[in-house]
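These notes are about the structure you will find just below.
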Amino acid sequence: MTNIAKDLVFFKQRRVLANINGYKRPKVLLVDIDGTVIKPTIKMFTLTEETFGRETVEKIEREKIRPLRKALARGEISFERYLLTLSEINVELGQSYQDYKDFFFGLVAKGFVNEPLIRALGTLRREDGVKVIFLTSNLKIYGEIISDNVLKLLGEKGTFDGCVGEERRFDKHGKGKAVRVQMIISHRNATYKGIRFRTKLAAIQDHFKKNDIRVKASEVAVISDADTALMKQFGLGGLVLYPWKNLSDQFKRIEYVRNARKGLFDFCIDYREGKDLATAQKKWELVLRDPNMLRLSDASIRKMLQ
């Protein structure tokens, strides 16, 4: 049996058990940034391309990243060295806190943010006291910029509860340019050249401990466009199902993005052909407030919200 088949069985069984025993109401929402909060229509390295131009990005890919990738494939370097070198290349580019902030503000202005989800999360944060923590394999400070600003940029009140992601030290009291890497999100926990490598799950647990967040796994929900593995660790997994034609070529090539769309979730909000867009915000709020609404059919829920 393939892994995806096993995962399908896992989620099917969990949905059956939930109809009997119920889901617990989430106290913490872990929300993926890349491809979920930020629509997967934009390319990776868009900030670098906007700042330095396509030719510079292509030169970095050709002269630094491609040889590094080949060395990894040949077993000449460890995965930790590969990830660390990629991060050091980004640090060398000299992008600053303000660069990341300007970039995100620009994405909002261009409509690249999942507004129904963000507005629903803001309502749940204000009215229900649910903690909302963003997740990324990329830069933590970028997620913190989103956490602090996205509601205000959409005309809403409030902020969210930070981000888990790669940690770098920035000069000028954290508001200048990145100067070195401190922690990297990886597929295993390790230390290499004094740099900590943490799985996303371990980094989440570190965040919970540091911020004195005490919840059971069943009281945590994950919202993503693909992170099935993380959804399995907690009590509820909600998938944002974007139209395939709107995904960038880079997202289309990611295997776990393709696999997640085959049913590896507890529920999904379907953005394809506008299926759920009319009621998306209400549906997010309804299900995340009371996941046991999922005992109803999807058609019944949509009818209820119209």
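Every read-out reported here was derived from the displayed coordinates using simple, explicitly stated rules and does not represent laboratory data. Just so it is clear, the model here is predicted, and its values are computed rather than measured. A quick note on method: Cβ atoms are made from the backbone with ideal geometry, for glycine too, and the neighbour counts reach across all protein chains shown.
Quick notes on this one:
- Against the chain, whose longest principal axis is taken from its Cα atoms, helix 79-92 shows a tilt of about 70°.
- Anchor Lys12: lysines whose Cα lies under 17 Å away (excluding residues fewer than 8 positions away in-chain): Lys232, Lys262
- Taking Lys and Arg as +1 and Asp and Glu as -1, the other residues whose beta-carbon sits under 11 Å from that of Arg302 total +1.
- Given +1 at the Cβ of Lys and Arg, -1 at the Cβ of Asp and Glu and no other charges, the dipole of segment 79-164 around its Cα centre is 260 debye to the nearest 20.
- The aspartates and glutamates whose alpha-carbon is closer than 20 Å to the alpha-carbon of Lys193, local same-chain residues fewer than 8 away aside, are Glu76, Glu80, Glu88, Glu92, Glu166, Glu167.
- Mean sequence separation of contacting Cα pairs (under 8 Å, at least six apart), scaled by the length of segment 3-299, corresponds to a relative contact order of 24 percent.
- Angle in degrees between helix 280-289 and the longest Cα principal axis of the chain, rounded to the nearest 10: 80
- Sites Lys6 and Thr56 - FRET efficiency at Förster radius 51 Å, r taken between beta-carbons, to 0.05: 0.75
- In degrees, nearest ten, helix 140-153 long axis to first principal axis of the chain (Cα): 50
- Here is the P(r) of the chain: all C-alpha pair distances, binned every 10 Å from 0, give 6, 25, 36, 23, 9, 1 in whole percents.
- Size descriptor for segment 118-166, Kirkwood hydrodynamic radius: 10.7 Å (Cα pairs only, one decimal).
- For the chain, built as a Gaussian network whose Cα springs stay under 10 Å, the top-fluctuating residue of Lys12, Lys232, Lys64: Lys64
- Annotation for segment 188-237 versus segment 155-187: alpha-carbon center distance of 16 Å.
- Residue of Lys282, Lys210, Lys200 that the Gaussian network model of the chain assigns the largest fluctuation, springs spanning Cα pairs under 10 Å: Lys210
- Peptides 14-25, 97-108 ranked from most to least packed by the mean count of surrounding Cβ atoms within 10 Å: 97-108, 14-25.
- Within the chain: Cβ-based charge dipole about Cα centre, in debye rounded to nearest 20 (Lys, Arg +1; Asp, Glu -1): 680
- When restricted to Cα atoms, segment 58-216 yields an Rg and a Dmax of 17.4, 53 Å, respectively.
- Rounded to the nearest 20, the Cβ-based charge dipole of segment 220-306 about its Cα centre (Lys and Arg +1, Asp and Glu -1) stands at 200 debye.
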